[in-house]
Amino acid sequence: MSEFIPGQRWISNTESNLGLGLVTEVANRRVVMMFPAVEEERTYAIDNAPLSRVIYPVGEQVRSSLGVKVTITATQELNGYMVYQAEDRDGDVLVLEEKDLDSAVHFSKPHDRLFAGQVDKLSRFRLRVDTLRHQMNHLQSESYGLLGPRVQLLPHQLYIAHQVAQRYAPRVLLADEVGLGKTIEAGLILHQQLISGKASRALIVVPDSLVHQWLVEMLRRFNLRFTILDELRCEALELSDEGVNPFETAQLVLCNLSFLKSSPDRLIQALDAGWDTLVVDEAHHLVWSEEESSPEYICIEALAREVKGLLLLTATPEQLGVDSHFARLRLLDPDRYYDLEQFRSEEESYQPVSKLVEQLLAEDAREQLQDAPEVFTQLSSYLGAEVAARLEQELANDTLEQAIDDAVNSLLDHHGTGRVLFRNTRDAVAGFPTRILHSYPLPEPEFYLESEQQQMAQAGLEERLHPEMILADRWLEADPRVQWLTDWLKENRDQKALVICAYAETAKSLEEHLRLYEGIRSSVFHEGMTLVNRDRAAAYFADEDESAQVLICSEIGSEGRNFQFASNLILFDLPLNPDLLEQRIGRLDRIGQRNDVQIHVPHYEFSAQAILLDWLHRGLNCFERACPVGQVLFDQFLEQLIPALFDEFDEQEVEQLVSSTRAEADRLLDQLQQGRDRLLELNSCKPAKADLIAESMEVSGNSIELSRYMEKMLDQFGVEQQPHSSNSIVLHPGDHMHYDSLPGLPAEGMTATYSRTLALGREDMQFLTWEHPLISGTMDIVTSGDFGNTAVCSIKLPPLKPGTLLLESIFTLHCAAPKQLQLQRYLPNTLCRLVVDSNGTDLSAILTEAHINNLAERVGKRQAVDIVKHTRTEITGMVERVEAIAETQLPGLLDQARSNVATMLGSEQERLAALAEINPNIRQAEIDYLAQNRAQLEQHLESATLKLDAVRVIIAT
């Protein structure tokens, strides 16, 4: 290293953004460096200062501190201090001392950094190249935007998300049955739209009771941080910044519907905020008729008119009737769905199409086609004579399967509302466990009977369904349900159980009793706990080793959290609403549950509890299978159910109520299986394609490859890594990190896992994927800066004479384009790598990257700087040579990119244009968007260049 002399110019190897430094003081084995560009000062130990001397050669263009651009014509060193002779643009000669050079210098080109003495470690160069390759592979993956969320790889969810998220401003109705994951589907679509740049601002509107659930789901599963807006929050924002629109203070906003409905001014602010996507949950509660609309419907209708993208989440679409279903579709596309009578007529026309599809998909399709020639006539009328003729020919040639598949896909494309409505049912999705109900009638306690005589006449419905409210302070000792629960847990110590009851106070008292007085390992979960404490309680229950046998939840335990690692659900009481009961059961009854779900219901015999249990079980069959019409039946029979619970019905009248409910349930369920619903199920998940998407995500999410890569990455960035348990690690910001903070890494550190399986069971752990903020953020830091873009190494290879100089260069195809165009998806999946010697001979094919990596040996920093200094002229010529070679490869790469654009966008544009002629659900805006995207991509590709991204100087020894 050169001697430090005041006035010299040096640059920091670790903080190149500081610009040129100026030596101001040298004393006591310390050097003080001032960086005028950022007005900061640093003090270094002379013997290990991470600094490189900056000396410009003749011919270099530089700027003076006054901003004058000059070309150096001669240099002179005076006692270690540089003086430059230079010419400006007018040919005038200037003399510049090095202290008079512009300090705001950034050596962005790799060879500029190399010549400035900024040589990175060999490991950093390799990491940069790996990062470029991983980043490119991920951007071009079919799973891009879908890989990051903490969700199971369920084909039906992935299929919907993949189909919808690729669209421009998607407007769809997600109407899967309960337990199939509408919230997950919406989150996947939203995540993909945001990460791809198709959307940047999103508003989620939900019922009051679901605000917390959505906040937690979006954060834990999708790493999306939403801001909750309510009246208090809005007022606080307006006080801190007068005139501000609270809805413009965050990119992602979550609020409840009643808040917007009750305040016209807030609704106007929301309308003015400029959203890309609107998500509305429980959309079936929006009431509309031809005569009038509810305030809630009017509110969402106003937002739907202003926002381009719209996701509506609803229960089974037709369970509230055709009118209600039309009201939902009207929000999505008022120009398409403007006439209710016409819509009813269309609905009736779906039944023959549905029947035709069923015939084509039947196991004996060949026999049916041979015996029913009218099928070909129908196909001809729906799809044209050519399709019918092809199917008839394939039947004769004994090659039928593909022809049937094509015909069915065409029918689904051409008919129905498949592009705007998705609905999967449990019957169509495999993987759900069997539910088994166990009811335990218990005698009413004497104290309860005594209280009943005095209080039951005045007791309300809540007291009748929750006896602890009547038993008051004595309930833990008097209530037989407590003793039953204690006995069951002791008899089944090797089994985990989730207990759900309505109220937090009940849950707290019950858990404390079991833990302190019965010696049962237990944990509690309720709305009064902080998010951190809830996480701890859930983690204690989920742990495989030292864990709680039972988790006791208040009603909030039936929202948002999944505990499918347990198979015993104990309902300490029953909710009145069947949809809420389904939410409770759904905590265990999920895809991924390996055992039958055992549902245990202790209850007082001959009580309101017993009657409600009987109505829910025999009337709605809510326990042994999901009941998609539960809410409709609840609304329809509530006026009869309430008197029965108040003992106003005799046994015969209760039996009649149960029988009537069962008959109506059967009728409604049969309706749901008719006509268009079958077409919807087929169009909502095409198994072959869905399985391919899931397989692609399995490959793209290779946790071993990712963990190995991130171990090197985090080590380079100074992040401390410690093993936590099997498949999990603990990460902490280290004392010697190169950055003050990293995206996605909290100051207090975090526990994380690369395993999707473990992440699903341990929500207290971060799930690390290529799309996690920590990983994508550090990759961006590497590729957008100069991290690792220079290196010097030596190599022993017999054919090369000692002293032979080689240059390995990495080029990337660079094209500035808006993020939402996703240009990377169409670029060739390759890095342009070139290797030349000092004679300009191209050795790229002979000396592969793996070859050099295996043989390369480290060269010390000072020695590397000396090598570059003495071979600068040769390296400059080699850089010019590789740039010339790269220029010849550019046209071929651009032709391939244009071909990809034409293939991927052009074919989809043509397909939609053809469909739009016969299916009015194809929006012209989608076709126009594809055409516009294609034109913009082709225009941007005209300015694409191959950018020299990194260089590695290799010296043979």
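Taking the residues in region 575-611 that are of a type in the set (A, V, I, L, M, F, W, C) and within 30 Å of Q157 (Cβ to Cβ) as candidates, determine which candidate is modelled with the highest pLDDT.
This residue is I599.
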Qualifying residue in region 807-823 (condition: farther than 30 Å from Q939 by Cβ and either touching a helix residue (DSSP H, G or I) at 6+ places or on another chain (Cβ under 9 Å) or touching a residue at least 24 places away in the same chain (Cβ under 8 Å) (or both)):
yes
Of the criteria (1) touching a His at 6+ places or on another chain (Cβ under 9 Å); (2) assigned to a helix (DSSP H, G or I); (3) closer than 22 Å to R426 by Cβ, which one Q192 fails
(3)
How about region 440-526: which helices (runs of 4 or more DSSP H) wholly inside it have at least 2 residues that are modelled with pLDDT of 90 or more and over 20 Å from S554 (Cβ atoms)?
480-491
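Return yes when L831 is surrounded by 15 or more Cβ atoms within 10 Å (Cβ to Cβ) and touching a Lys or Arg at 6+ places or on another chain (Cβ under 8 Å) and no when it is not.
Working: surrounded by 15 or more Cβ atoms within 10 Å (Cβ to Cβ): yes; touching a Lys or Arg at 6+ places or on another chain (Cβ under 8 Å): yes.
Taking the combined requirement at face value, the residue satisfies it.
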Counted residues in region 203-243 being part of a helix (DSSP H, G or I) and not small (G, A, S) come to 22
Looking at region 58-111 only, could you name the residues that are assigned to a strand (DSSP E or B) and hydroxyl-bearing (S, T, Y)?
S64, T71, T73, T75, Y81, Y84
What is the number of the single condition among (1) farther than 26 Å from I298 by Cα; (2) of a type in the set (V, I, T); (3) touching a His at 6+ places or on another chain (Cβ under 9 Å) that I228 does not meet?
(1)
Pairs under 8 Å by beta carbon, first residue among the acidic types (D, E) in region 682-708, partner surrounded by 15 or more Cβ atoms within 10 Å (Cβ to Cβ), six or more apart or different chains?
D691/P155; E698/L153
Among E292, E306, which is closer than 24 Å to S196 by Cα, free of Cβ contacts under 8 Å to residues at least 40 places away in the same chain and out of contact with any Ser or Thr (no Cβ under 9 Å at 6 or more places or on another chain)?
E306
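Results for (1) under 30 Å from S196 (Cα atoms); (2) in a helix (DSSP H, G or I), shown as yes or no for each residue.
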| residue | (1), (2) |
| --- | --- |
| C255 | yes, no |
| F259 | no, yes |
| D265 | no, yes |
| A270 | yes, yes |
| A273 | yes, no |
| L278 | yes, no |
| E296 | no, yes |
Flagged in region 718-736 as under 15 Å from T778 (Cα atoms) and in contact with a helix residue (DSSP H, G or I) (Cβ under 6 Å, 6 or more places away or on another chain), in numbering order, are none
Quick one: would you say D780 is more than 30 Å from V408 (Cβ to Cβ), part of a helix (DSSP H, G or I), more than 22 Å from the chain's Cα centre (by Cα) and modelled with pLDDT of 85 or more?
no
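Each row is one residue, and each column tells you yes or no for (1) charged (D, E, K, R); (2) more than 23 Å from the chain's Cα centre (by Cα).
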position: A537; (1), (2): no, yes
position: F541; (1), (2): no, yes
position: D545; (1), (2): yes, yes
position: L551; (1), (2): no, yes
position: I556; (1), (2): no, yes
position: N562; (1), (2): no, no
position: L574; (1), (2): no, yes
position: I585; (1), (2): no, yes
position: I591; (1), (2): no, no
Looking at R881, R934 in this structure, which one is modelled with pLDDT of 85 or more, touching a helix residue (DSSP H, G or I) at 6+ places or on another chain (Cβ under 8 Å) and surrounded by 15 or more Cβ atoms within 10 Å (Cβ to Cβ)?
R934
Only residues that are surrounded by fewer than 20 Cβ atoms within 10 Å (Cβ to Cβ) and either within 20 Å of P575 (Cβ to Cβ) or in contact with a strand residue (DSSP E or B) (Cβ under 7 Å, 6 or more places away or on another chain) (or both): list them for region 472-485, please.
P480, W484
Restricting attention to region 925-952, and to residues there that are assigned to a helix (DSSP H, G or I) and acidic (D, E), which single residue is farthest from the chain's Cα centre (by Cα)?
E938
Condition first: loosely packed, with under 14 Cβ neighbours inside 10 Å, of a type in the set (A, V, I, L, M) and either touching a Cys at 6+ places or on another chain (Cβ under 8 Å) or in a loop (DSSP other than H, G, I, E, B) (or both). Now tell me which residues in region 701-758 satisfy that.
A747
Pick out the one residue from L194, L210, L188, L146 that is under 11 Å from the mean Cα position of the chain (by Cα), surrounded by fewer than 23 Cβ atoms within 10 Å (Cβ to Cβ) and within 25 Å of A283 (Cα to Cα).
L194
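The values are calculated or read from the model by the stated rules, or taken from the named source; none is laboratory data. The structure presented is a predicted model; accordingly, all values stated were derived computationally and were not measured. Cβ sites come from the backbone with ideal geometry, for glycine too, and all protein chains shown count toward neighbours.
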